[in-house]
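Enquirer: Here it is, the structure in full.
Bear in mind that the values in this text are calculations on the coordinates, not laboratory data. Predicted, not measured: the structure shown is a model, and the values here were computed from it. Using ideal geometry, Cβ is built from the backbone for each residue, glycine included, and neighbour counts are taken over all protein chains shown.
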Amino acid sequence: MNNTTLIESTEKVARSVVPVLSVFPHAPQKLMICGTGFFIHERGCLATASHVARLEHKWVLYDGTLLECDVMAEQLTINKEKDDPRMKHEWDIGVLQVQAPQKTFHPLQLSNKLHFRRGEPIAQYGYYDQGVKYKVGSITGLNGLLTTGIVSASTNIRIGHIEMGSRLILDISAGPGSSGSPVFDPDTGDILGMIVSGKEKQVLGPGPSATEFKIEHIPLGIAYSDPVIHLGMWLQRFVS
């Protein structure tokens with residue numbers, strides 16, 4: 001992995017990645033980072049994790065401005081029209097539409113790569129939770145974070161003889177709020193996948209007083225990624 005190309009690729013990716021925010025459940029007047037999204041069309045189509053797209057109220061913070069979002073696709077389902085459930089496959093990927101008709105956004109290049117090998121270098125850029133619930137967020141705030149790692153394992157998903165793409169297990173740091181973060185090629189900046197979950201452990205940490213404790217969620221450096229190859233097909237079908 002060349003540091004110069006990684007820096008250049010990250011700069012290209014970062015301008016199109018935004019935090020997705022929602023209402024904090026215990027304080028409706030506050031917003032919290034609930035996920036990450038990245039632009040896939042210049043008119044404001046934004047890819048994120050399906051479980052983020054399902055939230056009731058969503059905004060993105062773009063160029064210092066809060067922009068509300070509508071849902072275009074709650075979940076990316078392959079062969080959705082088929083009656084036979086064995087012919088369908090659901091990815092944890094959704095698509096939002098940012099309400100900013102006068103703005104032009106920078107879409108990222110989606111890779112058509114189907115097969116991956118253990119040890120391939122990858123990078124991820126996204127956001128962590130703002131810090132009311134998670135300690136890591138109190139440190140990172142609204143700063144996007146770059147982490148790098150490798151492909152630990154790859155599972156090819158097939159329907160019959162048709163390849164649907166590869167679900168990846170990554171040796172990379174991802175935490176609460178990282179869902180929807182793009183996984184990209186460090187050399188080219190092409191988007192290879194999307195972070196959909198990560199392994200964590202729960203530990204007891206100090207609470208607001210000396211006699212109180214709270215649960216902290218600590219990322220374990222293992223994350224799962226769904227492929228984005230079908231996002232390009234979805235765009236061709238639903239976005240003119």
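Enquirer: Order by neighbour count: 226, 63, 190, fewest other Cβ atoms within 10 Å first, most last.
Expert: The order, fewest Cβ neighbours first, is 63, 190, 226.
Enquirer: Based only on other Cβ atoms within 10 Å, what is the fewest-to-most ordering of 111, 50?
Expert: Least to most surrounded, the residues fall as 111, 50.
Enquirer: Given the pairs 12/113; 58/88; 30/58, which are separated by over 21 angstrom at their Cα positions?
Expert: Checking Cα-Cα distances, 58/88 exceed 21 Å.
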